[in-house]
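Taken together, the values in this text are just the output of simple stated rules run on the coordinates, not laboratory data. Because the structure is predicted, anything quoted here is derived from the model rather than measured. Reconstructed Cβ throughout: ideal geometry from the backbone, glycine too, with neighbour counts over all protein chains shown.
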Amino acid sequence: MMPGPPPETIRAEYLGPYGVREPRMTLSSTIPAPARPRRTVTVLLWAAFLLAAFAYRLGFGLCSEFFFEDETQIFLIGLRYHATGAWPYFGADVVWTHSQIPGALQGLLVGMPMNLVPVPEAPFVLLNLLSLASLVLLAWYICRRLPALPRWLVWGWLLFIPWTLCYGTHVLNPDYVLCGAIVFFVGFFEAVPRFSLRIVPVTAAFFMMGAAVFWIVQLHMSWPLLGPFVLVASWSQMGLGRRRLGLATLGFVAGSALTGSLLAPTFWNYGLLAGLGGTHRNLSIHVESPFTLFSTLARLFSFASLEITRFLGLDTARRLQFLLAHAWLIPFAAVAWIAGILQPAWMAWSWFRRRSPHAEWRALKWLVVVSVLLIYLSYWFVMEPPQAHAFYLLAPVAFVYSFYCWSFIDSRRWRRVAAVVLGTSILYHAGMIVGRAPERSLYKNREVAAAAVYNRVPDLLGHRRLFAIEGAPSPDVIATGSGLSADVRLVNTAWTRGPGGMVLWTMTLRNESRTYAYRDVYYDARYRNDAGRLVGEHADLFAEILQPGQSITLTGVNHGFIDPFRTAEIRLLRAERLLPLCAAK
């Protein structure tokens, strides 16, 4: 081995109490030369990690649901802007009341990437860049708050848990909410002195909050939940002097103007009432059951846990069918499922912990309580029943709280457990990518989406809903009755009993038309016993696009668990007429 450079020798002379040099008292010590800095290696490793995380998350989003009605409608808002250049005055639909969220942000976020690169993957890339950047911001901030926690755990957990994957990677309006919510709550924690680390100036903190509020206003109806947090932050500044409060107000107004400016054209053109898009119709005053408090708490904590049941399928029969079809996923699903149940319970138990090395622990606990009460009371005023995705914008509160809970048990043993559970989650969701890509994703029928984007013809892919304020199609695009039965038929239908007695159909759907393509064929099935009594019903749709003359055979169409029956009747109800693919060639 070659010898290294000679060590540096330093002679240190003793100085008297008044700085007088005393040669008699000398000390000699040998100090090795400083090691070569490893900053470059660290930066490269983090860059590689983030690149891998982005690729994983982008792949998950691209292989998630695309042709279901809600995802298609959000995509069509942006596709219409891309195709026509018409300003998108309104965003996502509120199906409950046939209303529409005001503002151009949703249409621009989906449409502008396609203006740059005319492929259907373009909006996914932008969304995943935004969600990754916001999660990186939150991970960095949590590590600043809790520097003793391992970075791999904080960053890995936030980037790869079910909620941030399933609602942060594919083109649906709640996925865009995550970015604004994280920016808001980082600003909120820095705006409230009780929580602040003083790493973000108060003006910037309120700027972040204002920009985030009006970001979410244009994406989801849950934005009023942020109002009380803004009031708390403002109140906390009032006792710090007028100048401080003035800077906070200035920051909030400037941030609001940045994103809120996209609302101005809507109200300018439609007026104040019509510019609301009918969203005021969602108000409905009623009393919600007190038991909703407990389900709300569980759902809030599930944001930070490995909740997989919600994202595995719409009902038990379909979840079971998917797992049995991909049996190698079952061990990973079992570990994630158990962790997803235990973690929220452990987070609830941790709330009762009194002692903590963190001075802000008590305030954080009560912030969780206030969040749950706020969500619960909000359901007294809206039509929609309680659902977790409806208050997803409060997920950062659960994220921060969960890592404080973790700080109480952080140890070598528990880090091993966390590594195993996190690795299991990553492998499980990788399996979801493999299993769902050919069944539900963009790549089930990419040719149609690509042609619609490249040729700027949205009618190849779908139509906006009939109640849409902009781009609503003529009612005759919905084929029903004899018009539908003449063009679309079910042939070669057969059923079998699957695991647990679920009814599984094999159906061939054929488009007899030479003029139209069809998508979203709605149907119902009625099951009767020997006495002719109705013993079961099932309503669903075929989320397929059928070109003229095309037949598609669907296997394993799951109707759930139906009582013993003698006969089954399936009726096609309606479908959406599209331009055929050949119209773009």
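Take the Cα of residue 117, step 7 Å toward its Cβ, do the same at residue 87, and the gap between the two points is 2.9 nm. Across the options 480, 490, 267, the greatest Cα extent toward the positive end of the charge dipole of the chain (unit charges at beta carbon of Lys, Arg, Asp, Glu) belongs to 267. Loop-located chymotrypsin sites (Phe, Trp or Tyr not before Pro) in segment 241-304 (DSSP state other than H, G, I, E, B) with a sparse environment of at most 14 neighbouring Cβ atoms within 10 Å: 291. For the chain, the longest principal axis of the Cα atoms and the long axis of helix 202-217 meet at an angle of about 10 degrees.
Dipole magnitude for segment 420-503: about 260 debye, using +1 per Lys or Arg Cβ and -1 per Asp or Glu Cβ, origin at the Cα centre.
Quick one: Kirkwood hydrodynamic radius for segment 270-361, alpha-carbon pairs, angstrom, one decimal? Hydrodynamic radius (Kirkwood, Cα only) of segment 270-361 equals 17.3 Å. The Cα center of segment 390-447 and the Cα center of segment 72-130 differ in position by 27 Å.
When the alpha carbon coordinates of segment 490-552 are projected onto the principal axes, the ranges are 43, 24, 18 Å, largest first. For the Cα atoms of the chain, what angle does the longest principal axis make with the long axis of helix 105-116, in degrees from 0 to 90, nearest 10? For 105-116 against the chain, the angle is about 90 degrees. Note: relative contact order over the chain, using C-alpha pairs below 8 Å and six or more positions apart, is 15 percent. According to the calculation over all Cα-Cα pairs in segment 171-257, the P(r) per 5 Å bin from zero is 3, 16, 28, 25, 15, 8, 3, 1, 0 %.
Could you state the number of Å between the C-alpha centres of segment 280-352 and segment 527-585? If we compute the Cα centre of each part, the gap is 29 Å.
Taking other Cβ atoms within 10 Å as a rough exposure proxy, 477, 521, 420 sort from fewest to most as 420, 477, 521. Taken along the Cα-to-beta-carbon direction at a fixed 7 Å, the label points for residue 370 and residue 43 span 4.1 nm. Taking R0 as 25 Å, what FRET efficiency do you get between residue 508 and residue 569 from their Cβ-Cβ distance, rounded to the nearest 0.05? The value I calculate is 0.90.
Towards the positive end of the charge dipole of the chain, with charges on Cβ (+1 Lys, Arg; -1 Asp, Glu), say which of 369, 435, 123 has the farthest Cα. Of the candidates, 369 comes out farthest on the positive side.
Taking only alpha carbon atoms, the chain gives an Rg to Rh ratio of 1.05, where Rh is the Kirkwood radius. Fully extending the segment from residue 472 to residue 540 would add 22.2 nm, taking 0.36 nm per residue of separation and subtracting the current Cα-Cα distance.
Using 0.36 nm per residue and subtracting the Cα-Cα separation, the extra length available between residue 345 and residue 446 on full extension is 32.2 nm. Placing a pseudo-label 7 Å from each Cα along the Cα-to-Cβ vector at residue 529 and residue 493 gives an inter-label distance of 2.2 nm. Here residue 318 and residue 286 are evaluated by their C-beta separation; at R0 = 41 Å the FRET efficiency comes out at 0.85. If you stretched the chain out fully between residue 197 and residue 380, how much longer would it get, using 0.36 nm times the residue separation minus the C-alpha to C-alpha distance? Gain on extension, residue 197 to residue 380, equals 62.3 nm. Show that you can apply the helix-only estimate: for the chain, add -39,500 (n - 2.57) for every DSSP H stretch of four or more residues, divide by all residues, and state [θ] at 222 nm to the nearest 500. Mean residue ellipticity, 222 nm, calculated: -16000 deg cm²/dmol. Remark: the chain carries a charge dipole of roughly 1960 debye about the Cα centre, counting +1 on each Lys and Arg Cβ and -1 on each Asp and Glu Cβ. The alpha-carbon positions of segment 474-584 define a convex hull whose volume is 103 Å³ per residue. Shown for 328, 351: other C-beta atoms within 10 Å of each C-beta, ranked fewest to most, produce the order 328, 351. For segment 365-430, the spread of Cα positions along the three principal axes, ordered from largest to smallest, is 46, 32, 13 Å. Taking only the Cα atoms of segment 176-327, the radius of gyration and Dmax are 20.0, 64 Å. Each Lys and Arg contributes +1 and each Asp and Glu -1, all at the Cβ; summed about the Cα centre of segment 474-584, the dipole is approximately 220 debye.
Of the residues 582, 143, 63, the one with the fewest other Cβ atoms within 10 Å heads the list, and the complete ranking is 582, 143, 63.
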